Amino acid sequence: MRTQVGIIGAGPAGLLLSHLLHLRGIDSVVLESRSRDQIESTIRAGVLEQGTMDLLTEAGVGARMKAEGALHHGFELAFEGKRHRIDLTGLTGHSITVYAQHEVIKDLVAARVADDGKLRFGVSETSIHGIDTDTPSIRYRHEGEAYELQCDFVIGCDGSQGVSRASIPQALRKDFERVYPFGWFGILCEGPPSSDELIYARHERGFALISTRSPNVQRMYFQCDPKDSVENWSDDRIWAELHARVDSHDGQTIVDGKIFQKNIVGMRSFVSNTMQHGRLFLAGDAAHIVPPTGAKGMNLAVADVRVLTEALNAFYVENRTDLLDSYSTTALKRIWRAEHFSYWMTSMMHRIEGASPFEQQLQVAELEYVTTSRAAATVMAENYVGIAGAHA
Ligand SMILES: Cc1cc2nc3c(=O)[nH]c(=O)nc-3n(C[C@H](O)[C@H](O)[C@H](O)COP(=O)(O)OP(=O)(O)OC[C@H]3O[C@@H](n4cnc5c(N)ncnc54)[C@H](O)[C@@H]3O)c2cc1C
């Protein structure tokens with residue numbers, strides 16, 4: 001089989017890239033190791049920056065997001081017993097939408113299927129060949145048969161555990177990494193929202209985030225030991241922990257509900273520099289990871305794809321390679337801004353084991369500053385809505 005662009009991974013990066021290329025008349029094939037059902041039901045991100053919302057809308061896949069997503073104009077920071085609002089729209093003129101990542105995935109898969117897009121689910125043994133030549137290929141197995149997909153370009157959108165990044169020789173790549181000594185315990189529960197806007201809470205017992213998914217489904221997280229197990233946490237214990245961390249602020253009370261999903265995620269910052277080699281380009285989590293505190297992961301994947309689409313379009317329409325050559329440099333500017341923001345939010349909001357009383361007071365001083373200085377609040381708001389570093 002032959003195509004112009006071979007894409008590994010049907011996450012937000014791979015599916016959106018395939019759809020945007022289709023809109024420019026460029027052919028692609030997406031190879032995904034999991035089933036359609038699995039990718040459409042995996043619970044992950046939920047905060048979409050304005051730029052992500054705009055791109056999905058322009059690309060004709062934003063109708064359900066607009067109808068079912070919730071537009072948020074601010075969020076709250078809770079610490080030292082008080083809640084403080086960051087007025088995103090008042091400070092930046094922009095907002096965010098809360099719409100679950102797996103719903104974005106469903107919209108993108110539906111669009112690719114409606115356009116007769118080539119999606120192969122359940123592939124295995126994916127490997128990349130010939131990226132130093134003009135005729136690279138991807139070998140894989142599907143339903144017991146071995147295949148080779150020949151293409152002009154291979155795009156690695158296969159997330160943090162995929163095969164693509166390792167196809168760039170380590171000698172040409174510098175990896176930057178920070179592993180945090182804590183994780184997030186996440187739940188999904190039935191019930192009404194506890195608050196109109198997201199609440200990020202810093203408490204001496206640890207961080208908590210009160211988020212939402214829909215009027216009837218709520219998403220909540222609390223800081224935990226990344227090696228802990230969900231089996232150690234009964235529903236009662238989870239609610240006791242969330243109440244202890246969040247209810248103490250200005251009389252806020254979170255609403256309990258029936259918990260129907262529990263998971264623990266580790267927290268890591270990672271950047272691969274470079275994101276390209278020969279005819280192979282990386283996009284999304286395949287090239288970089290952020291801790292979820294800044295809500296940037298999916299948005300960065302979308303931002304990479306926007307840059308890559310323009311670069312591939314310039315190649316096919318104008319026979320230009322300059323945008324492809326500068327892809328990594330261009331994308332990394334926004335990525336490092338988001339890396340810093342995610343690290344900053346994470347470091348300011350979490351309980352750091354072994355932190356001295358002096359260091360704990362510094363966290364509070366920083367939170368006091370961003371909630372009392374318009375200039376500091378604007379820095380936070382610009383980063384949160386994604387217009388800081390938006391030149392990329
Ligand atoms: C708990 C949690 C909360 C988060 N919250 C937010 C948030 O609020 N906002 C935000 O913006 N981001 C958030 N993120 C991050 C966000 O989910 C990721 O950044 C996003 O999924 C990246 O998209 P991607 O397409 O690059 O990679 P992925 O979504 O990881 O997709 C990669 C795909 O490639 C497939 N694959 C892997 N290896 C192969 C192979 N060898 N062959 C074929 N296919 C392969 C995988 O099965 C997968 O479907 C969160 C993440 C987690 C875990």
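The values are calculated or read from the model by the stated rules, or taken from the named source; none is laboratory data. Just so it is clear, the structure is predicted and the values come from calculations on it, not from any experiment. Virtual Cβ from ideal backbone geometry, glycine too; neighbours counted across all protein chains shown. For the accessible areas, the whole protein counts, side chains as well, though only heavy atoms, and no ligand, DNA or RNA atoms are used. Shrake-Rupley method; radii C 1.70, N 1.55, O 1.52, S 1.80 Å.
Kindly provide the set of residues from the range 243-288 that are surrounded by 23 or more Cβ atoms within 10 Å (Cβ to Cβ), within 13 Å of the ligand (Cβ to nearest atom) and not small (Gly, Ala, Ser), ordered by number. Once the filter is applied, which keeps residues that are surrounded by 23 or more Cβ atoms within 10 Å (Cβ to Cβ), within 13 Å of the ligand (Cβ to nearest atom) and not small (Gly, Ala, Ser), the range 243-288 yields Met275, Phe281, Leu282, Asp285, His288.
Picking from residues in the range 1-26 that are more than 13 Å from the ligand (Cβ to nearest atom) and part of a loop (DSSP other than H, G, I, E, B), the one that is farthest from Asn299 (Cα to Cα) is Met1.
For the range 219-226, does any single residue satisfy the condition of being more than 18 Å from the chain's Cα centre (by Cα), among the aromatic types (Phe, Trp, Tyr) and open to solvent by 50 Å² or more (accessible area, probe 1.4 Å)? For the range 219-226, residues more than 18 Å from the chain's Cα centre (by Cα), among the aromatic types (Phe, Trp, Tyr) and open to solvent by 50 Å² or more (accessible area, probe 1.4 Å): absent.
Given the structure, is Arg351 part of a loop (DSSP other than H, G, I, E, B), of a type in the set (Lys, Arg) and in contact (Cβ under 8 Å) with a residue 24 or more places away in the chain? Judged against the criteria, Arg351 is a match. Sub-8 Å Cβ pairs linking a first residue in the range 40-58 that is over 22 Å from Leu308 (Cα atoms) to a second residue that is open to solvent by 30 Å² or more (accessible area, probe 1.4 Å) and β-branched (Val, Ile, Thr), at least 6 apart or interchain, number zero. Among the residues of the range 77-95, those identified as open to solvent by 30 Å² or more (accessible area, probe 1.4 Å) and assigned to a strand (DSSP E or B) are Lys82, Arg83, His84, Arg85. Can you say whether Arg306 is touching a helix residue (DSSP H, G or I) at 6+ places or on another chain (Cβ under 7 Å) and open to solvent by 30 Å² or more (accessible area, probe 1.4 Å), as far as the supplied structure shows? For Arg306, the condition - touching a helix residue (DSSP H, G or I) at 6+ places or on another chain (Cβ under 7 Å) and open to solvent by 30 Å² or more (accessible area, probe 1.4 Å) - is met. The criterion of being in a helix (DSSP H, G or I) and touching a residue at least 60 places away in the same chain (Cβ under 8 Å) holds for Glu382. Counting only residues that are more than 8 Å from the ligand (Cβ to nearest atom), open to solvent by 10 Å² or more (accessible area, probe 1.4 Å) and not in a helix (DSSP H, G or I), how many does the range 27-42 have? Of the residues in the range 27-42, 4 are more than 8 Å from the ligand (Cβ to nearest atom), open to solvent by 10 Å² or more (accessible area, probe 1.4 Å) and not in a helix (DSSP H, G or I).
Conditions tested, residue by residue: (1) open to solvent by 30 Å² or more (accessible area, probe 1.4 Å); (2) touching a strand residue (DSSP E or B) at 6+ places or on another chain (Cβ under 9 Å); (3) basic (Lys, Arg); (4) more than 20 Å from Gly6 (Cβ to Cβ).
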{"residue": "Ile128", "(1), (2), (3), (4)": "no, yes, no, no"}
{"residue": "Asp134", "(1), (2), (3), (4)": "yes, no, no, no"}
{"residue": "Ser137", "(1), (2), (3), (4)": "no, yes, no, no"}
{"residue": "Gly144", "(1), (2), (3), (4)": "yes, no, no, yes"}
{"residue": "Ile168", "(1), (2), (3), (4)": "no, yes, no, no"}
{"residue": "Lys174", "(1), (2), (3), (4)": "yes, yes, yes, yes"}
{"residue": "Pro193", "(1), (2), (3), (4)": "yes, yes, no, yes"}
{"residue": "Phe207", "(1), (2), (3), (4)": "no, yes, no, yes"}
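Restricting attention to the range 152-168, the residues being near the ligand (Cβ under 7 Å from one of its atoms) and touching a residue at least 12 places away in the same chain (Cβ under 8 Å) number 6. Within the range 68-80, at least one residue is within 17 Å of the chain's Cα centre (by Cα), within 16 Å of the ligand (Cβ to nearest atom) and not aliphatic (A, V, I, L, M). Within the range 48-82, the only residue that satisfies the criterion of being farther than 26 Å from Val113 by Cα and of a type in the set (Lys, Arg) is Lys82. Inside the range 43-76, residues that are hydroxyl-bearing (Ser, Thr, Tyr) and surrounded by 14 or more Cβ atoms within 10 Å (Cβ to Cβ) make up a count of 1.
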